[in-house]
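The values are calculated or read from the model by the stated rules, or taken from the named source; none is laboratory data. Computed from a prediction, not measured in an experiment: that's the story for all the values here. Virtual Cβ from ideal backbone geometry, glycine too; neighbours counted across all protein chains shown. We work out accessible area using only protein heavy atoms, side chains counted, and drop any ligands, DNA or RNA first. Shrake-Rupley method; radii C 1.70, N 1.55, O 1.52, S 1.80 Å.
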Amino acid sequence: MRYAQGGGLTAERRAFRERLRQEAAERFACGDEVAVIAHDLRVTVRSVQRWHRAWAEGGVPALASKGPASLPVLSDELFAVLERELDMGPLAHGWPDQTWTLSRIRTLIGRRFHKSYTVQGVAALLKRHGWSCQVPARRAVERDEQAVAGWVKGTWPRVE
């Protein structure tokens with residue numbers, strides 16, 4: 001994942017970054033130093049150097065955002081198909097239990113769509129579509145503490 005806050009920039013953040021590049025272009029035209037611009041805009045010198053090079057080669061239009069670095073491997077339509085496959089459960093796809101793991105979902109994507117993802121890529125894909133990791137927050141309501149204590153005291157020593 002490229003950014004820690006969810007895999008990309010919000011529309012507001014993209015607009016903010018666009019304004020920074022435009023302001024840097026105005027400062028380039030005035031002849032300000034790269035280091036001064038970087039300090040004033042609170043960005044790295046390396047970013048301003050990259051912007052300056054683009055501005056020198058193509059002017060202000062060269063600083064416009066070019067959109068996301070890559071498009072998702074699975075389109076929204078294919079993700080809807082994946083959701084239907086996941087709803088069928090792991091047993092329907094040949095796994096011995098009812099647990100979906102990232103590596104199993106990765107395998108399912110490869111089998112069903114002939115597309116390759118990393119485990120981290122599957123996690124990002126699911127998060128981008130509103131899925132989350134489901135981990136029990138507390139013990140099951142059905143758990144019988146007396147039965148567990150009896151098993152630990154009576155059965156476990158015999159098994160050992």
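Of all residues in the stretch 74-96 being at pLDDT below 90 and not in a helix (DSSP H, G or I), which is nearest to Y117 (Cα to Cα)?
Among residues in the stretch 74-96 that are at pLDDT below 90 and not in a helix (DSSP H, G or I), the one nearest to Y117 (Cα to Cα) is L74.
So the check is Cβ under 6 Å with 6+ separation or different chains; which pairs have a first residue in the stretch 112-134 that's more than 15 Å from E83 (Cβ to Cβ) and a second one that's modelled with pLDDT under 85 and not β-branched (V, I, T)?
Here the result reads A124/M1; A124/G7, each pair linking the stretch 112-134 to a residue that is modelled with pLDDT under 85 and not β-branched (V, I, T).
Please go through the stretch 72-98 and pick out each residue that is open to solvent by 70 Å² or more (accessible area, probe 1.4 Å) and either touching a residue at least 60 places away in the same chain (Cβ under 8 Å) or among the polar types (S, T, N, Q) (or both).
Q98, the sole residue that qualifies.
If a residue must be open to solvent by less than 70 Å² (accessible area, probe 1.4 Å) and not in a helix (DSSP H, G or I), how many such residues does the stretch 101-115 contain?
1
In the stretch 135-153, how many residues are loosely packed, with under 10 Cβ neighbours inside 10 Å and over 30 Å from A80 (Cα atoms)?
So the answer is 10.
From (1) assigned to a loop (DSSP other than H, G, I, E, B); (2) closer than 30 Å to L125 by Cβ, pick out the condition that doesn't hold for D32.
(2)
Take the residues in the stretch 116-158 that are aliphatic (A, V, I, L, M) and assigned to a loop (DSSP other than H, G, I, E, B); name whichever of them is farthest from W100 (Cα to Cα).
V141
For the stretch 55-64, state whether one or more residues are out of contact with any Lys or Arg (no Cβ under 9 Å at 6 or more places or on another chain), exposed (fewer than 14 other Cβ atoms within 10 Å of the Cβ), farther than 30 Å from I37 by Cβ and at pLDDT below 95.
No, that holds for no residue.
Take the residues in the stretch 35-73 that are part of a helix (DSSP H, G or I) and among the polar types (S, T, N, Q), then tell me which one is farthest from H129 (Cα to Cα).
Q49
Only one of R104, R138 is basic (K, R) and either in contact with a Lys or Arg (Cβ under 9 Å, 6 or more places away or on another chain) or at pLDDT below 85 (or both). Can you tell me which?
Residue meeting the stated conditions: R138.
Of (1) modelled with pLDDT of 90 or more; (2) closer than 30 Å to A29 by Cβ; (3) open to solvent by 50 Å² or more (accessible area, probe 1.4 Å), A69 satisfies all except one. Which?
Every condition holds for A69 apart from (1).
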